[in-house]
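To start, the structure itself, in structure tokens.
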Amino acid sequence: MSSLQSQLASLVLSSSAPKSKTGAARVAPSLLYNPKQAAKIAMATILEIAQHSLADLERRDGAFSEYAEGLFADGADTVDREVLSPEECLEIDTSMKSFLNL
């Protein structure tokens, strides 16, 4: 298993973070920030950082450009997988796997 796969697996395991009385996570798993810092970052900010990073990747390799209108599209931060159909979730999973394999 690659290092990235190991890190992603640990994120999946830690995604069941303890919840506050309101049901909100007190910490959030992250590869870039400690869990408490990550919990304070708005999803819109995360998407903006990801879009800038994707733009850098696109300049180096055009293969990344196909993800700008999917995984990294404006509004991607509001997608709630809990309300998506299994087919829609599978489409997102397939796109993420493809992106991670570049």
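Just so you know, all these numbers are worked out from the coordinates, no wet-lab data involved. Nothing here was measured: the structure is a model prediction, and the numbers come from that model. Here the Cβ is made from the backbone with ideal geometry for all residues, glycine too, and neighbour counts use every protein chain on show.
Annotations
- The simple spin-label model puts a point 7 Å past each Cα toward its Cβ; for L84 and H52 those points are separated by 2.5 nm.
- Efficiency of FRET from Cβ geometry, A63 and Y33, R₀ 22 Å, rounded to 0.05: 0.20
- Working note: Karplus 6.51/-1.76/1.60 with θ = phi - 60° gives segment 41-58 the couplings 8, 5, 4, 4, 5, 4, 5, 4, 4, 5, 5, 5, 5, 4, 4, 5, 5, 4 Hz, where Gly and Pro are set to x.
- Those GluC sites (Glu not before Pro) in segment 36-102 that DSSP places in a loop and that have at most 16 other beta carbons within 10 Å: E69
- Three principal axis extents of segment 38-102 based on alpha-carbon atoms, in descending order, are 35, 29, 18 Å.
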